[in-house]
Amino acid sequence: MRIILLGPPGAGKGTQCKRIVDRLGAVHLSSGDILRGERAAGTELGKKAQSFMDSGGLVPDDLIVAMMAGAIQKAGGKYVLDGFPRTVVQAQELDKALMKAGDKIDVLLNLNIDDKIVASRMTGRRSCSVCGTVYHVENLKPKKEGLCDKDGSELVQRADDKPEVVANRLKTYHAQTAPVIDHYKKQNLVMSVDADKDIDEVTKAIFAKLDALKGA
Ligand code: ADP
Ligand code: AMP
(Lines give C-alpha, C1' and ligand atoms only; values in the text may rest on other atoms or scores of the structure.)
(Ligands and ions follow the chains in the order given, each with its own letter.)
Protein backbone atom coordinates (compact mmCIF):
# COMPACT_ATOMS: atom_id res chain seq x y z
CA MET A 1 0.00 0.00 0.00
CA ARG A 2 1.25 3.47 -0.90
CA ILE A 3 -0.17 6.07 1.45
CA ILE A 4 0.26 9.84 1.68
CA LEU A 5 -0.42 11.35 5.11
CA LEU A 6 -1.09 15.05 4.62
CA GLY A 7 -1.94 17.86 7.02
CA PRO A 8 -0.49 21.08 8.37
CA PRO A 9 2.71 20.97 10.39
CA GLY A 10 1.86 19.81 13.92
CA ALA A 11 -1.28 17.94 12.81
CA GLY A 12 0.13 14.65 14.14
CA LYS A 13 1.50 13.12 10.93
CA GLY A 14 4.66 11.72 12.50
CA THR A 15 2.78 10.44 15.56
CA GLN A 16 0.14 8.65 13.47
CA CYS A 17 2.62 7.41 10.85
CA LYS A 18 4.48 5.40 13.49
CA ARG A 19 1.25 3.60 14.35
CA ILE A 20 0.19 3.05 10.73
CA VAL A 21 3.53 1.56 9.69
CA ASP A 22 3.56 -0.72 12.76
CA ARG A 23 0.13 -2.02 11.81
CA LEU A 24 0.78 -2.44 8.10
CA GLY A 25 4.43 -3.47 8.25
CA ALA A 26 5.19 -0.51 6.00
CA VAL A 27 8.09 1.96 5.86
CA HIS A 28 7.74 5.50 7.26
CA LEU A 29 9.21 8.05 4.86
CA SER A 30 9.31 11.49 6.48
CA SER A 31 10.86 14.17 4.26
CA GLY A 32 11.43 16.38 7.33
CA ASP A 33 13.26 13.59 9.20
CA ILE A 34 15.37 12.79 6.16
CA LEU A 35 16.29 16.49 5.77
CA ARG A 36 17.16 16.80 9.47
CA GLY A 37 19.38 13.71 9.07
CA GLU A 38 21.13 15.34 6.08
CA ARG A 39 21.68 18.49 8.12
CA ALA A 40 23.06 16.59 11.08
CA ALA A 41 25.43 14.71 8.77
CA GLY A 42 26.55 18.02 7.20
CA THR A 43 25.87 16.88 3.61
CA GLU A 44 25.62 19.24 0.63
CA LEU A 45 21.83 18.69 0.57
CA GLY A 46 21.60 19.42 4.31
CA LYS A 47 23.51 22.68 3.85
CA LYS A 48 21.32 23.74 0.93
CA ALA A 49 18.12 22.96 2.88
CA GLN A 50 19.11 24.77 6.08
CA SER A 51 17.99 28.34 5.37
CA PHE A 52 14.63 27.24 3.93
CA MET A 53 13.88 25.04 6.93
CA ASP A 54 14.94 27.65 9.48
CA SER A 55 12.67 30.30 7.96
CA GLY A 56 9.62 28.02 7.72
CA GLY A 57 9.67 27.98 3.92
CA LEU A 58 9.98 24.99 1.60
CA VAL A 59 13.16 23.43 0.26
CA PRO A 60 13.20 23.68 -3.60
CA ASP A 61 11.14 21.03 -5.40
CA ASP A 62 14.02 19.61 -7.47
CA LEU A 63 16.08 18.79 -4.36
CA ILE A 64 13.13 17.22 -2.56
CA VAL A 65 11.91 15.19 -5.54
CA ALA A 66 15.38 13.69 -6.09
CA MET A 67 15.76 12.94 -2.37
CA MET A 68 12.35 11.28 -2.05
CA ALA A 69 12.67 9.31 -5.31
CA GLY A 70 15.72 7.59 -3.81
CA ALA A 71 13.96 6.91 -0.50
CA ILE A 72 10.84 5.52 -2.23
CA GLN A 73 12.88 3.23 -4.42
CA LYS A 74 14.66 1.79 -1.38
CA ALA A 75 11.39 1.33 0.55
CA GLY A 76 9.79 -1.17 -1.83
CA GLY A 77 6.01 -1.10 -2.36
CA LYS A 78 4.69 -0.50 1.16
CA TYR A 79 5.20 2.95 2.62
CA VAL A 80 3.60 5.98 4.22
CA LEU A 81 4.77 9.37 2.96
CA ASP A 82 4.89 12.02 5.71
CA GLY A 83 5.55 15.62 4.65
CA PHE A 84 5.80 14.79 0.94
CA PRO A 85 4.44 15.85 -1.53
CA ARG A 86 4.17 19.40 -0.21
CA THR A 87 3.56 21.23 -3.48
CA VAL A 88 1.52 20.41 -6.59
CA VAL A 89 4.76 20.16 -8.58
CA GLN A 90 6.06 17.53 -6.13
CA ALA A 91 2.74 15.64 -6.44
CA GLN A 92 2.94 15.70 -10.23
CA GLU A 93 6.54 14.45 -10.16
CA LEU A 94 5.60 11.69 -7.70
CA ASP A 95 2.67 10.59 -9.88
CA LYS A 96 4.89 10.54 -12.97
CA ALA A 97 7.61 8.49 -11.29
CA LEU A 98 5.08 5.98 -9.94
CA MET A 99 3.29 5.72 -13.28
CA LYS A 100 6.58 4.92 -15.01
CA ALA A 101 6.97 1.98 -12.64
CA GLY A 102 3.32 0.92 -13.17
CA ASP A 103 2.37 2.00 -9.63
CA LYS A 104 0.12 4.60 -8.04
CA ILE A 105 -0.82 6.14 -4.71
CA ASP A 106 -3.63 4.15 -3.00
CA VAL A 107 -4.92 6.87 -0.69
CA LEU A 108 -4.21 10.33 0.68
CA LEU A 109 -5.24 10.58 4.34
CA ASN A 110 -5.88 14.23 5.07
CA LEU A 111 -5.59 15.32 8.72
CA ASN A 112 -8.12 18.13 9.17
CA ILE A 113 -7.32 20.55 11.96
CA ASP A 114 -7.53 24.17 12.99
CA ASP A 115 -4.46 26.44 12.83
CA LYS A 116 -4.76 27.45 16.49
CA ILE A 117 -4.53 23.83 17.67
CA VAL A 118 -1.57 22.95 15.46
CA ALA A 119 0.29 26.07 16.58
CA SER A 120 0.14 24.93 20.22
CA ARG A 121 1.05 21.37 19.24
CA MET A 122 4.16 22.66 17.49
CA THR A 123 5.32 25.06 20.20
CA GLY A 124 4.82 22.29 22.82
CA ARG A 125 6.57 19.58 20.79
CA ARG A 126 9.82 18.18 22.19
CA SER A 127 11.90 15.39 20.69
CA CYS A 128 14.66 13.14 21.91
CA SER A 129 18.06 14.48 20.86
CA VAL A 130 19.27 10.91 20.25
CA CYS A 131 16.40 8.66 19.03
CA GLY A 132 13.98 11.36 17.80
CA THR A 133 10.95 10.09 19.77
CA VAL A 134 8.36 12.87 19.86
CA TYR A 135 6.64 14.15 23.04
CA HIS A 136 4.51 17.14 23.95
CA VAL A 137 4.87 19.27 27.10
CA GLU A 138 1.16 18.84 27.89
CA ASN A 139 -0.40 16.21 25.61
CA LEU A 140 2.26 13.52 25.66
CA LYS A 141 4.59 14.01 28.61
CA PRO A 142 7.65 11.85 29.21
CA LYS A 143 7.79 10.02 32.56
CA LYS A 144 10.68 12.24 33.71
CA GLU A 145 10.43 15.87 32.63
CA GLY A 146 12.85 16.78 29.84
CA LEU A 147 14.14 13.20 29.37
CA CYS A 148 13.31 10.51 26.82
CA ASP A 149 11.45 7.46 28.18
CA LYS A 150 13.33 5.18 25.77
CA ASP A 151 16.98 6.14 26.30
CA GLY A 152 17.02 8.84 28.99
CA SER A 153 18.52 11.43 26.61
CA GLU A 154 17.68 15.13 26.71
CA LEU A 155 14.51 16.34 24.98
CA VAL A 156 14.96 19.37 22.74
CA GLN A 157 12.72 21.82 20.90
CA ARG A 158 13.07 22.05 17.12
CA ALA A 159 14.33 25.49 16.09
CA ASP A 160 11.46 25.77 13.60
CA ASP A 161 8.89 25.12 16.38
CA LYS A 162 9.56 28.55 17.91
CA PRO A 163 6.43 30.75 17.64
CA GLU A 164 7.90 33.19 15.09
CA VAL A 165 8.68 30.37 12.60
CA VAL A 166 5.46 28.44 13.31
CA ALA A 167 3.35 31.29 11.89
CA ASN A 168 5.34 31.23 8.67
CA ARG A 169 5.12 27.45 8.36
CA LEU A 170 1.33 27.67 8.58
CA LYS A 171 1.27 30.36 5.89
CA THR A 172 3.45 28.17 3.70
CA TYR A 173 1.12 25.21 4.29
CA HIS A 174 -2.00 27.10 3.19
CA ALA A 175 -0.37 28.71 0.16
CA GLN A 176 1.64 25.78 -1.18
CA THR A 177 0.61 22.47 0.39
CA ALA A 178 -3.20 22.65 0.76
CA PRO A 179 -3.59 22.64 -3.09
CA VAL A 180 -2.08 19.12 -3.06
CA ILE A 181 -5.40 17.94 -1.54
CA ASP A 182 -7.31 19.19 -4.60
CA HIS A 183 -4.76 17.56 -6.88
CA TYR A 184 -5.55 14.14 -5.35
CA LYS A 185 -9.30 14.88 -4.99
CA LYS A 186 -9.38 14.98 -8.78
CA GLN A 187 -8.06 11.39 -8.69
CA ASN A 188 -10.64 10.40 -6.04
CA LEU A 189 -7.94 9.43 -3.59
CA VAL A 190 -8.64 11.70 -0.60
CA MET A 191 -10.01 10.48 2.75
CA SER A 192 -10.26 13.06 5.53
CA VAL A 193 -9.92 12.49 9.27
CA ASP A 194 -10.61 14.91 12.13
CA ALA A 195 -7.22 15.35 13.75
CA ASP A 196 -8.30 17.56 16.66
CA LYS A 197 -9.22 14.54 18.82
CA ASP A 198 -6.81 12.80 21.20
CA ILE A 199 -4.05 10.68 19.71
CA ASP A 200 -5.78 7.28 20.15
CA GLU A 201 -9.06 8.52 18.70
CA VAL A 202 -7.31 9.85 15.60
CA THR A 203 -5.53 6.51 15.17
CA LYS A 204 -8.85 4.69 15.44
CA ALA A 205 -10.40 6.88 12.75
CA ILE A 206 -7.42 6.35 10.44
CA PHE A 207 -7.47 2.57 10.91
CA ALA A 208 -11.21 2.51 10.17
CA LYS A 209 -10.61 4.36 6.89
CA LEU A 210 -7.77 2.01 5.93
CA ASP A 211 -9.86 -1.07 6.79
CA ALA A 212 -12.74 0.24 4.67
CA LEU A 213 -10.31 0.71 1.80
CA LYS A 214 -8.94 -2.84 2.10
CA GLY A 215 -12.47 -4.22 2.22
CA ALA A 216 -13.60 -2.17 -0.82
P1 ADP B 1 3.57 16.55 12.45
O2 ADP B 1 4.42 15.34 12.12
O3 ADP B 1 2.31 16.61 11.67
O4 ADP B 1 4.34 17.84 12.39
P5 ADP B 1 3.66 15.47 15.20
O6 ADP B 1 3.20 14.06 15.04
O7 ADP B 1 5.11 15.69 15.43
O8 ADP B 1 3.10 16.39 13.98
O9 ADP B 1 2.79 16.11 16.40
C10 ADP B 1 3.01 17.47 16.81
C11 ADP B 1 2.94 17.55 18.33
O12 ADP B 1 1.59 17.35 18.76
C13 ADP B 1 3.79 16.51 19.06
O14 ADP B 1 4.32 17.11 20.23
C15 ADP B 1 2.78 15.39 19.41
O16 ADP B 1 3.14 14.73 20.60
C17 ADP B 1 1.49 16.19 19.60
N18 ADP B 1 0.29 15.50 19.11
C19 ADP B 1 0.19 14.71 18.00
N20 ADP B 1 -1.07 14.27 17.84
C21 ADP B 1 -1.80 14.79 18.85
C22 ADP B 1 -3.18 14.72 19.25
N23 ADP B 1 -4.08 14.00 18.54
N24 ADP B 1 -3.58 15.39 20.35
C25 ADP B 1 -2.68 16.11 21.07
N26 ADP B 1 -1.38 16.23 20.76
C27 ADP B 1 -0.92 15.58 19.66
P1 AMP C 1 8.48 18.68 8.79
O2 AMP C 1 9.36 17.88 9.69
O3 AMP C 1 7.67 17.83 7.85
O4 AMP C 1 7.66 19.69 9.53
O5 AMP C 1 9.47 19.51 7.83
C6 AMP C 1 10.39 20.44 8.36
C7 AMP C 1 10.85 21.38 7.24
O8 AMP C 1 11.57 20.64 6.23
C9 AMP C 1 9.75 22.11 6.48
O10 AMP C 1 9.31 23.28 7.15
C11 AMP C 1 10.45 22.43 5.16
O12 AMP C 1 11.35 23.52 5.26
C13 AMP C 1 11.30 21.17 4.93
N14 AMP C 1 10.54 20.16 4.15
C15 AMP C 1 10.09 18.94 4.61
N16 AMP C 1 9.46 18.29 3.63
C17 AMP C 1 9.48 19.09 2.54
C18 AMP C 1 8.95 19.00 1.22
N19 AMP C 1 8.25 17.93 0.81
N20 AMP C 1 9.16 20.03 0.38
C21 AMP C 1 9.86 21.11 0.75
N22 AMP C 1 10.36 21.29 1.97
C23 AMP C 1 10.19 20.29 2.87
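The values are calculated or read from the model by the stated rules, or taken from the named source; none is laboratory data. The shown structure was predicted, so the numbers you read here are calculated from the model rather than taken from an experiment. Heads up, the Cβs are rebuilt from the backbone with ideal geometry, glycines too, and the neighbour counts pull from every protein chain shown. Accessible surface is based on the protein model in full, side chains and every heavy atom, while ligands, DNA and RNA are left aside. Shrake-Rupley method; radii C 1.70, N 1.55, O 1.52, S 1.80 Å.
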| remark: The answer for the net charge of residues other than Asp61 whose Cβ lies under 12 angstrom from its Cβ, with Lys and Arg +1 and Asp and Glu -1, is -1
| Local electrostatic count at Asp196 - Lys and Arg +1, Asp and Glu -1, tallied over other residues with Cβ under 12 Å | -2
| query | What residues have an amide H closer than 5 Å to that of Val190, excluding those fewer than 5 places away on the same chain, when H is modeled at 1.01 Å from N in the peptide plane? | reply | Leu108
| said: Given a 1.4 angstrom probe, I'd like the percentage of the accessible area of the range 82-197 that is carbon and sulfur, rounded to a whole number. | reply: 51 percent
| Modelled label reach - Arg23, point 7 Å along Cα→Cβ, the range 96-119 residues with backbone N closer than 13 Å | 109
| Can you work out ³J(HN,Hα) from phi for every residue in the range 2-9, in order, using Karplus 6.51 cos²θ - 1.76 cosθ + 1.60 and θ = phi - 60°, giving whole Hz and x for Gly and Pro? | 10, 10, 10, 9, 10, x, x, x
| note | Net charge near Arg2 (other residues with Cβ under 9 Å of its Cβ; Lys, Arg +1; Asp, Glu -1) is 0
| Gain on full stretching of the segment that runs from Ala167 to Glu145 - 0.36 nm per residue minus C-alpha separation | 5.2 nm
| task | Could you work out the relative contact order of the chain, using alpha carbon pairs under 8 angstrom and six or more residues apart, expressed as a whole percent? | result | 29 percent
| Solvent-accessible area per residue, Å², over the range 7-94 with all protein chains present [probe radius 1.4 Å] | 43 Å²
| message | Between Asp106, Asp82, Asp161, where does the largest GNM mean-square fluctuation fall for the chain, given springs only between Cα atoms within less than 10 Å? | response | Asp106
| remark: Sorted by chain and number, the residues with a modelled amide H under 5 Å from that of Phe84, at a separation of 5 or more or across chains, are Ser31
| task | Please turn the phi angles of the range 65-74 into ³J(HN,Hα) values with the Karplus equation 6.51 cos²θ - 1.76 cosθ + 1.60 (θ = phi - 60°), one per residue in order, whole Hz, x for glycine and proline. | result | 4, 5, 4, 6, 4, x, 5, 5, 4, 5
| Hey, rough spin-label estimate for Asp200 and Asp103, points 7 angstrom out along Cα→Cβ, what's it come to in nanometres? | 3.4 nm
| message | In whole Hz and in residue order, list the ³J(HN,Hα) couplings for the range 78-86 that follow from phi through the Karplus curve 6.51 cos²θ - 1.76 cosθ + 1.60, θ = phi - 60°; x for Gly and Pro. | response | 10, 8, 10, 8, 10, x, 9, x, 10
| message | Would you report the distance distribution of C-alpha pairs in the range 82-216 as whole percents per 10 angstrom bin, up to the bin with the largest distance? | response | 11, 30, 35, 21, 4
| message | Between Ser55 and Ser153, what's the calculated FRET efficiency when r is the beta-carbon distance and R0 is 25 Å? Round to 0.05. | response | 0.35
